[in-house]
Amino acid sequence: MMTDVLTDLPAHYLSVADLTGAQFEALLDLADELKGERAARTAAGEPLARDTLAGRTVAMIFEKPSTRTRVSFQVAVSELGGHPLALSATELQLGRGETIGDTGAVLSRYVHGIVVRTFGQERIEELATAATVPVVNALTDLEHPCQALADLQTFREAHGGFAGRSLAYVGDGNNVAHSLMLAGALVGLDVRVGHPEGYAPDPEVVARAQALATDTGAEVVVTTDPVAAVTGADAVYADVWASMGQEDEADARLAVFAPYQVTAELLSHAADDAVFLHCLPAHRGEEVTAEVIDGPSSRVFDQAENRLHVQKALLARLLV
Ligand code: CP
Ligand code: NVA
């Protein structure tokens with residue numbers, strides 16, 4: 001296992017591109033190990049908690065709703081022997097105008113790590129600049145880097161590796177698409193994004209991913225043709241058409257995104273053993289049909305579970 005590269009992780013994990021490809025894969029290796037150990041201990045009826053974070057507290061600030069991220073981070077910290085502190089922005093002085101920088105500086109005096117879900121990437125960057133403890137991005141409008149770790153752990157479980165393989169993301173060029181492009185570029189997995197006109201991923205993120213991909217030989221392709229994106233892919237990935245904060249646009253997006261729904265027909269253009277992935281929450285009948293997400297190709301609940309394992313790996317190495 002190549003976990004030695006994890007001794008020099010960056011101070012914070014705000015973007016997938018903060019890691020090297022070797023670090024990204026080493027975190028996946030550690031996550032696999034932690035997953036196996038948890039299963040073995042559960043089967044043997046043994047205690048799950050380690051003492052990796054004993055006596056340490058990890059604060060989590062949520063400025064948007066969350067099911068998976070909130071619970072998987074809380075459980076991850078608990079199982080590493082630490083104390084999770086989930087904080088809703090509306091209950092903090094943040095909700096009354098205290099700056100996110102001051103919030104980060106103050107929390108750093110109490111806790112050993114801060115996990116943040118917020119809106120603009122500049123908010124988490126402001127917090128990280130003021131913080132003196134590691135800060136982890138639990139989703140911003142620009143990226144969802146913890147999700148990308150779980151996504152590629154799930155991809156690797158399905159296909160054994162990344163070289164010569166491809167993932168097609170179909171839908172909005174959003175935070176999840178951005179982190180997937182960067183992650184694919186780092187580990188040598190081709191990523192093709194198929195999006196409606198007007199909903200392309202951020203050109204700066206595409207350029208960054210394409211630049212990173214020159215080291216691994218991965219291809220990062222952006223197209224408005226969903227069939228071209230999916231053809232031959234080893235995984236087909238969908239996300240909601242309207243992200244958190246875009247609720248007002250949800251109705252208008254339905255018609256624009258309809259040709260990008262992941263149906264059994266669209267999936268039939270992918271490789272025979274292609275898996276279907278979705279970060280969840282899903283809207284059956286919108287970005288994916290029930291037939292696909294509830295069908296034999298779907299790995300969405302493994303993917304949700306893997307959030308726990310990758311975040312444990314990340315916290316165990318970033319905070320200690
Ligand atoms: N995938 C994900 O981040 O889910 P939550 O919004 O429920 O945390
Ligand atoms: N793109 C979605 C992901 C949710 C996990 C959003 O930002 O709402």
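The values are calculated or read from the model by the stated rules, or taken from the named source; none is laboratory data. Predicted, not measured: the structure shown is a model, and the values here were computed from it. Here Cβ is always computed from backbone atoms with ideal geometry, including for glycine, and neighbour counts include all displayed protein chains. Each accessible area value is taken on the protein alone, full model and side chains, heavy atoms only, with ligands, DNA and RNA left out. Shrake-Rupley method; radii C 1.70, N 1.55, O 1.52, S 1.80 Å.
Kindly state, to the nearest 0.05, the FRET efficiency for E33 paired with D102, given R0 = 30 Å and r defined as their beta-carbon distance.
Working from the Cβ atoms, E equals 0.20.
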With all protein chains modelled, accessible area of L94 [1.4 Å, Å²]: 20 Å²
Translational diffusion of the stretch 84-228, µm² s⁻¹ [Kirkwood Rh, Cα pairs; Stokes-Einstein; 37 °C; 0.692 mPa s]: 198 µm²/s
Among D248, D172, D294, which one moves the most in a GNM of the chain with springs linking Cα atoms closer than 10 Å? D248
I need the phi-derived Karplus couplings for the stretch 308-320: 6.51 cos²θ - 1.76 cosθ + 1.60, θ = phi - 60°, integer Hz, Gly and Pro marked x. 4, 5, 5, 6, 4, 4, 5, 5, 4, 9, 7, 9, 10
Counting only protein heavy atoms and a 1.4 Å probe, tell me what percentage of the chain's accessible area is made up of carbon and sulfur. 51 percent
Highest-fluctuation residue, E219, E126, E287 considered, GNM on the chain with Cα pairs under 10 Å: E126
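Shape of the stretch 180-284 from its Cα gyration tensor (a ≥ b ≥ c, root eigenvalues): rounded if a/c is under 1.5, otherwise prolate when a/b > b/c, or oblate?
Cα axes put the stretch 180-284 in the oblate bin.
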Which far-off residues, 5 or more places away or on another chain, put their amide H under 5 Å from the one on V193, with H placed in the peptide plane? Y169, V221, V222, T223
Can you list which of the GluC sites (Glu not before Pro) found in the stretch 1-102 are DSSP loop residues with at most 12 other C-beta atoms within 10 Å? E98
Cβ-Cβ cut-off under 12 Å around L266, Lys and Arg +1, Asp and Glu -1: the net charge is -4
Just the accessible area for Y199, please: 1.4 Å probe, Å², rounded to the nearest 10? 50 Å²
The correct pair for the stretch 1-132, radius of gyration to one decimal and Dmax as a whole number, both in Å and from Cα atoms, is 16.1, 50
